[in-house]
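The values are calculated or read from the model by the stated rules, or taken from the named source; none is laboratory data. Predicted model only: the values in this text are computed from it and were never measured. In this analysis, Cβ positions are derived from the backbone assuming ideal geometry, glycine residues included, and neighbour counts consider all displayed protein chains. Calculation scope for accessible area: heavy atoms of the full protein, side chains included, ligands and nucleic acids excluded. Shrake-Rupley method; radii C 1.70, N 1.55, O 1.52, S 1.80 Å.
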Amino acid sequence: MKQISLLVALFSATCPALFSQKTLPGQELTQKIKGIVLDADSKKPLANATVSLLNTGRNTISDASGNFSFNNVPVGRQSLEITSIGYENGLAADVVIGSGKEVFLTIALIEKIGSLEEVTLTASKSRGKPNNEFATVSARSFSMEDTKRYPAAAFDPGRMVQNFAGVSANGDGGNEIIVRGNSPQGVLWRLEGIEIPNPNHFSSLGTSGGAISMLSSSTLGSSDFYTGAFPAEFGNTTAGIFDLNFRNGNKDKREYSFMAGLLGIEAAAEGPFRKGGASSYLINYRYSSVALLTSFLNLGGIVPDYQDLSFKFNFPTKKAGTFTLFGLGGYNKAKKDPEKDSTKWTDDNPNYVQNATSKLGVAGITHQLFLNESSYIKTIFVASGQYAKAVYDTLNPSENYKRVFTGLEKDLDAAYRISVIYNNKLSSKSTLRTGVIASRLSFDYTNNYFDEIDNVWKLLLSAEGHSLYYQGYIQWKYRLNDRITLNTGVHASYLDLNDTRSLEPRMAVSYKTTGNQLFTIAAGFHAKPSQLSTYYYENIGQNNTRTNPNRNLEMNKAIHFVLGYDKTFRNSTRLKTELYYQHLYDIPVERKTGSYFSILNSSSFYDLADIGPLVSDGTGKNYGIDISLEKPFTKNYYFLTTGSLYSSRYTNFSKQEYNTRYNRNYQLNLVAGKEWKRKKDTNKTWGLNAKVLTSGGLRDSEIDLDASQASGKVQYVPGKYYTQSGDPYFRVDIGINFRRNKKQSTHTLRIDFQNLTGQKNLYFSYYDNDAKKIKKEYQTGFFPFLNYRIDF
């Protein structure tokens with residue numbers, strides 16, 4: 001009741017700003033739409049393209065730089081059609097137009113190579129098509145509008161993609177994802193075309209997610225997400241890819257946003273550096289709402305705090321190309337101080353004192369120069385650093401609750417990366433892209449703890465140094481005709497840390513038929529080094545000899561096969577089906593007969609605790625079918641239905657095969673939403689979004705209670721690894737939003753309810769040595785997300 005009362009109070013305080021200052025009768029609110037039309041392959045601006053504002057009779061022509069604009073466009077949802085001689089038509093459908101901010105669109109058109117009009121697919125029938133023209137299968141674009149629309153997505157790309165086929169959550173409390181049964185450690189994050197560290201708050205060493213994203217809905221532009229069979233330009237991944245882009249700030253007008261909610265308070269600003277200039281800036285800052293967060297979520301006495309900053313500065317020039325500065329930074333801390341009363345210590349509020357902080361910084365510069373009408377070279381340099389420190393103590397009741405030091409974690413990862421890309425559209429049929437990436441990876445790790453069972457200090461990690469990682473690729477897209485497109489290439493990589501290398505050929509073919517059908521097939525090799533801390537992991541007693549038994553591990557490798565079918569119906573509803581098979585090999589497993597451990601079941605470095613030396617003798621396989629039926633937002637409603645049937649298996653050092661930890665076998669998502677407007681006041685819009693999710697549960701190994709009691713630590717029944725699964729996972733999410741356009745401002749209030757029914761979904765089982773019994777940990781229950789936003 002306390003939480004609900006708080007929500008009511010916040011809603012009451014916010015509503016006056018939304019419902020006051022009514023628009024005068026007959027007063028129509030309008031906004032400006034502008035954008036740029038590009039060639040999809042060469043990225044050169046297209047002049048003289050016709051841009052039509054549908055259902056209004058208004059048209060305009062793009063200028064020599066590909067730019068176009070419409071003034072005085074009524075607020076609401078508008079659609080634009082783009083045509084150019086020699087190109088397939090483009091469509092930007094149901095674009096949200098608000099009175100608070102101008103709208104900028106980037107439209108990429110595909111050049112025709114024949115006259116088979118009956119097989120031409122327009123943009124309206126390729127909704128979700130990835131921005132990368134070399135992507136053929138298992139890829140789709142998303143925008144921040146998607147993260148706002150899907151219930152409980154919380155403006156977070158990691159939570160939003162959990163609605164896509166083949167993707168599931170690793171736990172309700174974070175945005176770490178499982179892609180087609182793969183470990184979350186196989187996911188790659190990129191920003192502005194280059195790899196970056198995991199951009200999430202409250203993450204731990206070696207993870208790919210965290211509790212809260214550092215990425216803001218105010219700065220992200222259209223981005224891509226991949227689930228398999230990646231184009232040749234992508235390396236250092238075996239599972240999935242977030243290929244993120246910041247949008248450019250408005251170069252003509254200064255605009256601002258402010259948002260307040262349970263997860264944070266943020267402010268954004270954008271505009272030109274000088275009036276009439278071509279350069280622009282975009283900045284967003286966010287600070288956490290700690291008191292509100294802890295009111296709704298039991299964090300075991302931990303008080304979290306965080307803040308982050310993101311920016312992009314764009315500097316186009318007439319002769320020297322376009323320069324861009326971008327950056328992302330985050331800071332978070334978590335403190336826990338148990339009460340000095342041992343009778344109040346429980347599983348939910350245990351006896352340990354925590355003082356943890358972590359920082360992340362990313363700063364980069366890009367330069368893109370067109371060499372001629374058909375080719376460009378792009379250079380990207382980024383420097384990044386990720387630092388985390390945590391000190392752990394316990395309280396000793398026999399000495400007046402004196403603090404006793406029990407552990408230290410201190411981890412630093414720093415990287416300098418440079419990428420050079422050359423892209424040449426050789427003809428309307430053929431495009432070539434090649435590039436190199438060089439990375440200098442520095443690290444400084446310290447991790448030790450006191451093992452109360454063995455009564456000894458143990459050293460997990462103590463290493464400092466650097467490594468060089470080189471990647472190169474070449475890829476070629478060839479359109480045999482309007483129906484058949486071939487994408488082929490090769491990616492190569494080399495890690496000097498242990499002199500390991502990989503050569504990865506890739507190929508994909510797509511075939512269009514009449515009736516808006518598309519058949520695709522793709523195959524490719526992929527490789528990813530383990531997280532650097534894995535190579536230096538030790539897990540030895542304090543007085544034992546120092547070794548690095550994992551130093552010579554091979555890269556983790558995978559072969560992906562995907563067969564796809566895509567059908568778009570007359571009402572833009574799209575059916576997409578993909579059959580896939582992934583064979584994983586050279587996988588690190590514990591060098592011990594009968595051991596259960598494989599890196600395929602790991603989500604962070606800390607899964608290595610109590611694990612012996614590793615060798616690259618493991619394998620794995622993931623296979624299944626992903627099906628999605630999607631109607632994009634048209635006629636004031638949308639729906640997305642996705643289903644996955646799959647199996648995820650691995651072999652250990654003894655070549656015995658088991659389910660992986662992430663083998664949920666099936667998942668079903670049902671997402672839908674609708675908007676309503678009042679006829680008397682079209683400046684007000686209500687929206688309702690709903691989601692129903694069910695899947696198999698995460699797997700557990702069977703715990704041997706007698707052996708665990710005898711040893712004082714968890715012991716598993718031999719051969720019963722990941723054989724147990726809890727009741728089917730089930731969750732209902734609901735989102736309600738209200739948008740009000742006023743003169744020169746747009747106000748949005750939304751409230752999402754995650755796990756509306758309060759379903760208790762099992763997370764994992766564990767052995768509690770104090771209680772001498774097996775206990776269960778459950779995932780997040782009911783949790784609301786409340787946000788108020790104003791754009792002006």
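Can you name the condition, by its number, that E81 falls short on among (1) open to solvent by 50 Å² or more (accessible area, probe 1.4 Å); (2) at pLDDT below 90?
Here E81 clears every test but (2).
Hey, among P728, P718, which residue is within 26 Å of the chain's Cα centre (by Cα) and open to solvent by 60 Å² or more (accessible area, probe 1.4 Å)?
None of the other options fit; the residue is P728.
Condition test on N689, is it over 26 Å from the mean Cα position of the chain (by Cα) and not in a loop (DSSP other than H, G, I, E, B)?
No, not satisfied.
Would you pick out the residues in the stretch 645-661 that are assigned to a loop (DSSP other than H, G, I, E, B) and either at positive phi or in contact with a strand residue (DSSP E or B) (Cβ under 8 Å, 6 or more places away or on another chain) (or both)?
Correct list: N652, F653, K655, T660, R661.
Give me the strands (runs of 3 or more DSSP E) completely within the stretch 257-326, filtered to those with at least 3 residues that are polar (S, T, N, Q) and modelled with pLDDT of 85 or more, ordered by residue number.
By residue number, 303-316.
Just one of the numbered conditions (1) within 30 Å of R286 (Cβ to Cβ); (2) open to solvent by less than 30 Å² (accessible area, probe 1.4 Å) is not true of T748; which one?
(2)
Which of the residues that make up the stretch 574-601 are β-branched (V, I, T) and buried (at least 16 other Cβ atoms within 10 Å of the Cβ)?
Across the stretch 574-601, the qualifying residues are T577, I587, V589, I599.
Which pairs do you get when a residue that is over 17 Å from E409 (Cβ atoms), found in the stretch 324-335, comes within reach of a residue that is surrounded by 19 or more Cβ atoms within 10 Å (Cβ to Cβ) and polar (S, T, N, Q), reach meaning Cβ atoms under 6 angstrom, with the pair 6+ apart or on two chains?
Cβ pairs passing all conditions: T324/N314; T324/T366; L328/S310.
For the stretch 729-745, check the following and say yes or no: at least one residue is touching a residue at least 24 places away in the same chain (Cβ under 8 Å), in contact with a helix residue (DSSP H, G or I) (Cβ under 7 Å, 6 or more places away or on another chain) and over 30 Å from N669 (Cβ atoms).
yes
I'd like the full set of residues that are part of a strand (DSSP E or B) and modelled with pLDDT of 95 or more, limited to the stretch 188-208.
Hits for the stretch 188-208 are L188, W189, R190, L191, I194, E195.
Check every one of the strands (runs of 3 or more DSSP E) wholly within the stretch 711-792 and list those with 1 or more residues that are under 17 Å from L263 (Cα atoms) and modelled with pLDDT of 90 or more.
729-742, 745-754, 783-791
Tell me whether the stretch 675-683 contains one or more residues that are outside any strand (DSSP E or B), among the polar types (S, T, N, Q) and open to solvent by less than 20 Å² (accessible area, probe 1.4 Å).
yes
Among (1) open to solvent by less than 10 Å² (accessible area, probe 1.4 Å); (2) over 30 Å from Y422 (Cβ atoms); (3) part of a loop (DSSP other than H, G, I, E, B), there is one condition I33 misses while meeting the rest; what is its number?
(3)
Can you name every residue in the stretch 536-554 that is buried (at least 21 other Cβ atoms within 10 Å of the Cβ) and at pLDDT 95 or above?
L553
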